[in-house]
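Following: one structure in C-alpha cells, then a few remarks.
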Amino acid sequence: MNVTVLVFPWLFPSLFMVHEFEEVVLVGAWRKRNLAYFGTRNRKLTPYVAFVSTSSFSRAVAEEWLLLLVITAAALIFRNYFLWYGMLFAFTLHLIVLHLILGSFFRRYVPGVFTAALFLLPSIFMLFIAARDLHFGWRTILLSALTGTIIAGANLSFMHRAMPTFAGWLDQFARER
C-alpha cells in the first residue's frame, strides 16, 4: 500500500481541523479588535462577515469536519477517493483564495492565514501525489475538483447562513432550566 492510501486520507481532516482551530480560537477577539477598521471598508472583502458568535462558528466547523470524516471513511471503506480528492482540492483552493488572496486585501492579520500559509504546500503535494498514486487522469482530476468545490462551497454557504440559527439555539439552551 502506498502513502496515498495509508496516510493522506486521515492527514487531510487533521490539517483541516488544525486550520479551523486557528480560526475558532481567534475570530471573536479578532473581530472585536478590528471593529473600527471594518467601518472604514464598507464591507469590501471583509472576512467573517457572517460571524455571529464563537459558539455558532464552532458549530459550523464541527459540521464541516464531520462531513469530511464521513467522506474520508467512505473513501477508505469503498476504496474510491474521487470525492475525498475533490474535497482536498476545495480545501486547498479555500486556503489560497479565502485566506491568502482575500486576506491580503484586508491588509491585516486574518484568522486562518498562518495555517493557510503553513498547509498550502503540503496540500498541493498531497494533490499531486494522490493523483499519481490513484491513477487519476486530468479529466478525473477536473471532475473531482469541480464536484468537491461545489459540495464544499454549498456546504460553507449553508453553514454561514445557518450561524444565526445556531446562535439562537445556543441562546435558548442557555436560558432553559
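The values are calculated or read from the model by the stated rules, or taken from the named source; none is laboratory data. Note that this is a predicted model, so its numbers are computed, not measured. Heads up, the Cβs are rebuilt from the backbone with ideal geometry, glycines too, and the neighbour counts pull from every protein chain shown. The protein model used for the area step is the full one, side chains on, heavy atoms only, and it has no ligands, DNA or RNA in it. Shrake-Rupley method; radii C 1.70, N 1.55, O 1.52, S 1.80 Å.
Quick notes on this one:
- If you go through the stretch 85-132 and keep only what is of a type in the set (Ser, Thr, Tyr) and open to solvent by less than 40 Å² (accessible area, probe 1.4 Å), you end up with Tyr85, Thr92, Thr115, Ser123.
Per-residue answers, yes or no, for (1) hydroxyl-bearing (Ser, Thr, Tyr); (2) in contact with a helix residue (DSSP H, G or I) (Cβ under 6 Å, 6 or more places away or on another chain); (3) closer than 16 Å to Ser14 by Cβ; (4) modelled with pLDDT under 95:
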| position | (1), (2), (3), (4) |
| --- | --- |
| Ser58 | yes, yes, no, yes |
| Phe78 | no, no, no, no |
| Leu88 | no, yes, yes, no |
| Leu98 | no, no, no, yes |
| Arg108 | no, no, no, yes |
| Ala117 | no, no, no, no |
| Phe128 | no, no, no, no |
| Trp138 | no, no, no, no |
| Leu143 | no, no, no, no |
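- Check on Leu100, of a type outside the set (D, E, K, R), part of a helix (DSSP H, G or I) and in contact (Cβ under 8 Å) with a residue 12 or more places away in the chain: yes
- Residues that are open to solvent by 10 Å² or more (accessible area, probe 1.4 Å) and not charged (D, E, K, R) within the stretch 69-84 comprise Leu69, Val70, Ile71, Ala73, Ala74, Leu76, Ile77, Phe78, Asn80, Tyr81, Phe82, Leu83, listed in sequence order.
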